[in-house]
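The values are calculated or read from the model by the stated rules, or taken from the named source; none is laboratory data. Values in this document were obtained by computation on a predicted structure and should not be read as measured data. Virtual Cβ from ideal backbone geometry, glycine too; neighbours counted across all protein chains shown. Keep in mind that these areas ignore ligands, DNA and RNA; they rest on the heavy atoms of the full protein, side chains included. Shrake-Rupley method; radii C 1.70, N 1.55, O 1.52, S 1.80 Å.
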Amino acid sequence: MAEKKDYYEVLGVAKDANEKDIKSAYRKLAMKYHPDKSDAPDAEERFKELSEAYAVLSDAEKRQKYDQFGHAGINGQYSQEDLFKGVNFEDLLRGFGFGGSSGGGGDSIFDMFFGGGRGGRGPARGRDLRYDVNLTLEQAATGLEMTIDVPRTETCPTCSGSGSKPGSKPVVCSTCRGTGQVTRAQNTPFGQIVTSAACGKCGGRGQIITNPCSECSGAGKVRKTRKINIKIPQGVEDGQHLKLRNQGDSAGPSGESGDLYVVLNIMPHPQFQRQDSDLFLEAPISITQAALGADVEVPTLNGRAKIKVPAGTQTGSVFRLRGKGMPRLQGLGSGDLHVRVKVKTPAALTDRQKQLMEALAAEFGEKKRAQSEKEKSIIDKIVDEVKSAVQ
Ligand SMILES: [Zn+2]
Ligand SMILES: [Zn+2]
């Protein structure tokens, strides 16, 4: 595959070009290479290239991803549709003689990008497919290769999509004489009305299969479940997708297959929360660890690590472990793990622990709760009850 050109170079603008520069560069070049205006053999290619560059650089978020990760930040992260979403090419090019839908019949620039299909000049294109994959956070962190079973429509291998038994040929439909359309003229008080509809005899195909293929019964297509190997890079985010070109449904013998979009869903983790490449974890520490300081072991995505809790740490303090977060795409290092400590108040003290706590309380000069005789007896009762329940 040819190296993809830098978007800034494609538009001939500087890396720090502002929105206005980008727009005017695009308009100038788009006018030059618009396939309706240019005779250059590579006009359409150039025009697509320009438009893609514009779609990315005119969108703050996509531009930032591109600046950070290059084409890798764009390819595979956005579908064609997402890539061009929000760009109104018709509006941009208006006033240059390209109006809205001058071509009629859905010949808009968009059909060029999305292979819009029906009745257009371009060849038919198969349906795009979506396949969802659930990943654990650990899998998203390491990346992985896996095989998925994708049910899809393929061109029948026996008849190569013709629908006829090998060795036989379909015959031209006698009703529509191969056009696939029948027209009917009707005389009405307002004049003649001509309607045209798909030919009923051949189903609009213009041909009749007299000797259908035994594998596809004449449909020319078969359903197959294909094992497809996919490679998920490390650091992917929830909702991102991989695009596998031409792995979608077949369009028949002459068209291009659609694409397969593998959507990655990352399941919630019981311990870690993720924000971009950073991870967040809540770790309990004891009252004494908080007061005296301690080395506390905490889990990481791929093992364990230690945080140094200094003496006098308050609940809610956050400790950062650099590089222990999620790896970033394209091997650009890893984020951090943020550990938020929570001081656990001991709930069930032994008699000895209670004595020590009381001694500590006395040392702090804390007064014991003043208790009336009556209250005391109630509390004592409860204590007795609790004790007997525990035993
Ligand atoms: Zn067949
Ligand atoms: Zn017909």
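Quick notes
- Taken over the stretch 270-305, the criterion of being of a type outside the set (Gly, Ala, Ser), farther than 18 Å from Ser334 by Cα and open to solvent by 30 Å² or more (accessible area, probe 1.4 Å) is satisfied by Pro270, Gln271, Glu282, Pro284, Ile287, Thr288, Gln289, Leu292, Asp295, Glu297.
- Figure legend. Inter-residue proximity from the stretch 6-35: first residues over 13 Å from Arg46 (Cα atoms), second residues open to solvent by 70 Å² or more (accessible area, probe 1.4 Å) and among the basic types (Lys, Arg), beta-carbon distance below 6 Å, spacing 6+ or different chains. Indicated pairs: Tyr8/Lys15.
- Complete set of residues in the stretch 184-220 that are farther than 13 Å from Pro170 by Cβ, touching a Gly at 6+ places or on another chain (Cβ under 9 Å) and within 16 Å of ligand 2 (Cβ to nearest atom): Ala197, Ala198, Cys199, Gly204
- Looking across the stretch 258-277, the residues that are part of a strand (DSSP E or B) and either free of Cβ contacts under 8 Å to residues at least 12 places away in the same chain or touching a His at 6+ places or on another chain (Cβ under 8 Å) (or both) come down to Tyr261, Val262, Val263, Leu264, Gln273, Gln275.
- Residue check for Thr225: of a type in the set (S, T, N, Q), open to solvent by 70 Å² or more (accessible area, probe 1.4 Å), under 30 Å from Ile266 (Cα atoms) and under 31 Å from the mean Cα position of the chain (by Cα): yes
- Considering only residues in the stretch 172-203 that are modelled with pLDDT under 85 and at positive phi, the one that is farthest from ligand 1 (Cβ to nearest atom) turns out to be Gly191.
- Of residues in the stretch 156-171 being in contact with a strand residue (DSSP E or B) (Cβ under 6 Å, 6 or more places away or on another chain) and open to solvent by 30 Å² or more (accessible area, probe 1.4 Å), the one farthest from ligand 1 (Cβ to nearest atom): Val171
- Test: residue in the stretch 187-198 that is touching a residue at least 40 places away in the same chain (Cβ under 8 Å), part of a strand (DSSP E or B) and surrounded by fewer than 19 Cβ atoms within 10 Å (Cβ to Cβ): no
- Yes/no for Val262 being closer than 30 Å to Arg320 by Cα, crowded, with 19+ Cβ neighbours inside 10 Å and under 38 Å from the mean Cα position of the chain (by Cα): no
- Looking only at the stretch 332-362, residues that are in contact (Cβ under 8 Å) with a residue 60 or more places away in the chain, of a type outside the set (A, V, I, L, M) and open to solvent by 70 Å² or more (accessible area, probe 1.4 Å) come to 3 in all.
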